[in-house]
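The values are calculated or read from the model by the stated rules, or taken from the named source; none is laboratory data. Just so it is clear, the structure is predicted and the values come from calculations on it, not from any experiment. Don't worry about glycine lacking a Cβ; one is built from the backbone with ideal geometry, like all the others, and counts go over all protein chains shown. Calculation scope for accessible area: heavy atoms of the full protein, side chains included, ligands and nucleic acids excluded. Shrake-Rupley method; radii C 1.70, N 1.55, O 1.52, S 1.80 Å.
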Amino acid sequence: MNQRKPLKELNLLDKFLFDEAMDDPENVKTMLDIILSQNTNLKHPLQTEKEQRTSTDNRQIRLDVYAIDEDDVIYEVEAQKENTHNLPKRSRLYQGIIDSKLLPPGVIDFNLLNEVLIVMITPFDLFGHGLYRYTFQMRCEEVPELKLDDGATRIFLNTKGKHPELVSPELIELLKYMEHSTDEVSEICKSERIQKMHSRICQVKASEKTEVKYMQSWEEKILIKQEGERIGLERINRLNQKLIEQGRFDDLTKATSDSNYQKKLLKEFKI
């Protein structure tokens with residue numbers, strides 16, 4: 001695992017600092033107000049790293065920021081630093097699991113479903129059109145101006161956008177600040193809201209309690225990684241032993257250089 005970056009050098013796109021900063025309702029409100037160009041009146045308390053699943057057998061998700069405003073609109077915001085090449089479908093899973101929790105058992109009026117807005121903030125252009133902001137809602141292919149109006153919106157924000165004329169200057173400043181959450185970037189921001197956010201972020205970075213939490217979080221990640229490596233090695237050793245026992249030396253040789261074939265063999269032996 002890479003060397004731990006000091007807490008004071010973290011940016012808002014780093015998951016730990018994002019989660020800590022968004023424990024402050026003022027930071028969440030500032031972020032949503034700028035992204036949506038509106039005044040968002042949020043209910044409290046907010047929830048960060050909220051776990052959601054439909055049942056114990058299904059895939060769980062952890063939502064970075066889960067907030068509800070006074071009109072019962074639900075906001076889910078993620079800072080995604082790495083391109084995992086699955087964000088559109090991940091947002092679909094988030095949408096589905098959030099929706100599945102909104103109506104109590106027995107309620108049949110689907111119009112009672114809350115509006116849900118999912119925002120993913122990234123330091124890369126997921127769709128390749130050079131935009132700061134990509135907003136998706138369901139539309140009819142045959143009649144493009146016809147919206148499904150199902151209350152679901154997904155927004156992908158790109159800090160590397162190249163068309164400033166399509167978004168507000170304050171949104172661009174926010175995205176630049178999230179990528180580089182420093183005094184230097186804050187000082188050149190014209191937005192007073194971002195400067196006030198920076199003051200609150202500085203308090204988070206200077207907190208001894210947060211520093212301890214950050215160190216504990218890092219140590220836990222190392223332990224999880226080491227345990228995963230140990231389990232992975234045990235699985236490979238079991239596979240190799242079975243191949244040797246069956247005299248499948250060609251398969252053994254191929255598996256050492258072809259990870260996909262190795263996965264296929266692991267599945268074959270149910271390891």
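Annotations for the structure displayed:
One line per residue, one yes/no per condition, for (1) out of contact with any helix residue (DSSP H, G or I) (no Cβ under 7 Å at 6 or more places or on another chain); (2) of a type in the set (F, W, Y); (3) more than 24 Å from E82 (Cβ to Cβ); (4) open to solvent by 100 Å² or more (accessible area, probe 1.4 Å):
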{"site": "K205", "(1), (2), (3), (4)": "no, no, no, no"}
{"site": "E234", "(1), (2), (3), (4)": "yes, no, yes, no"}
{"site": "L239", "(1), (2), (3), (4)": "no, no, yes, no"}
{"site": "D250", "(1), (2), (3), (4)": "yes, no, yes, yes"}
{"site": "A255", "(1), (2), (3), (4)": "no, no, yes, no"}
{"site": "Y261", "(1), (2), (3), (4)": "no, yes, yes, no"}
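- Residue ID - least open to solvent (accessible area, probe 1.4 Å), chosen from residues in the stretch 214-232 that are among the charged types (D, E, K, R) and without any contact (Cβ under 8 Å) to a residue 60 or more places away in the chain: E227
- Options Y94, Y177: the member that is open to solvent by less than 60 Å² (accessible area, probe 1.4 Å), in contact (Cβ under 8 Å) with a residue 60 or more places away in the chain and not aliphatic (A, V, I, L, M): Y177
- Residues of the stretch 129-148 that are in contact with a Leu (Cβ under 9 Å, 6 or more places away or on another chain) and of a type outside the set (A, V, I, L, M, F, W, C): Y132, R133, Y134, Q137, R139.
- A single member of L117, L157 is touching a Lys or Arg at 6+ places or on another chain (Cβ under 6 Å), under 16 Å from S37 (Cβ atoms) and surrounded by 13 or more Cβ atoms within 10 Å (Cβ to Cβ), and it is L157.
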